[in-house]
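Notes to accompany the following structure.
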Amino acid sequence: MIFIDETEPEHEEFEPVFEERNVTVKQNRNIDEDYNLFEELGRGKFGTVYRCEEKASGRVLAAKFITTNRDVDRKNVEKEVEIMRVLQHPRLLQLYDAFDDGKKQMCLILELIEGGELFERVIDDDFVLTEKVCIIFMKQICEGIEYMHSQNILHLDMKPENVMCLSRTGNRIKLIDFGLAINFDPLKKVHILFGTPEFVSPEVVNFDNISYGTDMWSVGVICYTLLSGLSPFVGDSVLETMANVTKAAFDFNDDSFEQITDEAKDFICQLLVKERTGRMSATNCLHHPWLRIDIKKDVAHLSKTKLRKFVTRRRWQKAVNTFLALKRMGAVIIP
């Protein structure tokens, strides 16, 4: 069985220190001049990732290759680089290097994270899930979001797939995928038309102004699902899901919440607020009693049956949407 060290999580796992790096895109230069490429680690609608090694230092990293057939593709990657240059924090995926071959491909060299998606790891048979473990993970998510917001950056694609475990045995997590992140000016009105239906906020569905609270709604949905295995607003179709989101109606009536503390429920209630200005900020979350209470170690283990069903459904959706994106020759479809 895998048990989390619930007493001092910060000392339980070694975390590589990334020095601050002022990354700029290296133009008209091939990656193989500086890095050795190894096996493929994964692929999706936005690119293919390989394990790589920096020749000069021997450091093992991840190389993400992105096709840039259009000028807008290149500009999007350049924007992601600029945002990641700012986001140098232990709870956020770190950018190490970047290349543009001057043709139709760019490559980002990223910190290598080998623990897999958080929910994938949690549903493993050997993982013991308790409310205290959920607190440890949610605290780190809020720490990452707090730093992003302190730099006036919105993630805008917070979902379980973008929370990764640093290793298969420890409890460290990192937030990833800043491809949809934006620099945010609170004095300007900003609307967006993208996101993942189950996790987007009411203002996104209604095409209203977004803010820091837009990310915090998604954090609330992730927390609800991690504790119960249920998705609070999912419907039988995308339209039904979005209608549910706009109503912002949810409850804790399922038996999955029978063992969950009132503090946890209050934490969720203060995030899943229809009006964005009424939601807790990431800093407020870190001071909320739920993330600060001392839950006894002998608390009951949480059932993972529903969470496994949730993960299976998300895998299927991701596979289908990746296939459709490839068939449509690069059309962006967010699962």
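The values are calculated or read from the model by the stated rules, or taken from the named source; none is laboratory data. Small disclaimer: the values here were computed from a predicted structure and weren't measured. Counting neighbours? That spans all protein chains shown, and the Cβs are built from the backbone with ideal geometry, glycine included. What goes into the accessible areas is simple: the full protein's heavy atoms, side chains included, and nothing from ligands, DNA or RNA. Shrake-Rupley method; radii C 1.70, N 1.55, O 1.52, S 1.80 Å.
Cysteines in the chain that lack a partner Cβ within the 4.7 Å cut-off: 52, 107, 134, 165, 223, 269. Selection among 165, 269, 231 by position relative to the dipole of the chain gives 231 as farthest towards the positive end (Cβ unit charges, Cα centre).
Put a plus charge on the Cβ of each Lys and Arg, a minus charge on the Cβ of each Asp and Glu, and nothing anywhere else: the dipole of the chain about its Cα centre is then about 1200 debye. For the stretch 207-215, the Karplus equation 6.51 cos²θ - 1.76 cosθ + 1.60, evaluated at θ = phi - 60°, returns couplings of 6, 9, 4, 9, 6, 4, x, 5, 5 Hz by residue, with Gly and Pro reported as x. Measuring nothing but protein heavy atoms, the accessible surface of the chain at 1.4 Å probe radius is 51 percent carbon and sulfur.
Checking the table 45/103; 174/265; 79/174; 189/318 against a 22 Å threshold on Cα-Cα, which pairs fail? Beyond 22 Å: 174/265; 189/318.
Between the stretch 146-166 and the stretch 212-275, how far is it from one alpha carbon centroid to the other, in angstrom? Going from one Cα centre to the other spans 18 Å.
Scanning residues 5 or more positions from residue 97 or on other chains, those with amide H under 5 Å from its amide H are 109, with H placed 1.01 Å from N in the peptide plane. Comparing mean-square fluctuations of 75, 64, 45 from a GNM of the chain with C-alpha springs under 10 Å, the top value falls on 75. Proximity of backbone amide H atoms, modeled 1.01 Å from N, is registered between residue 127 and 2 at under 5 Å, excluding neighbours fewer than 5 places apart on the same chain. Tell me which of 193, 244, 311 sits at the most positive position along the dipole axis of the chain, charges placed on C-beta atoms (Lys, Arg +1; Asp, Glu -1). Positive-most Cα among the choices belongs to 193.
Using the Karplus relation 6.51 cos²θ - 1.76 cosθ + 1.60 with θ = phi - 60°, the per-residue 3J(HN,Hα) values for the stretch 171-186 come to 10, 7, 10, 9, 8, 10, 6, 9, x, 9, 5, 9, 6, 10, 10, x Hz, with x marking Gly and Pro. Solvent-accessible surface (1.4 Å probe) assigned to residue 101 amounts to roughly 40 Å². Per residue, the chain exposes 48 Å² of solvent-accessible protein surface, assessed with a 1.4 angstrom probe and all protein chains in place.
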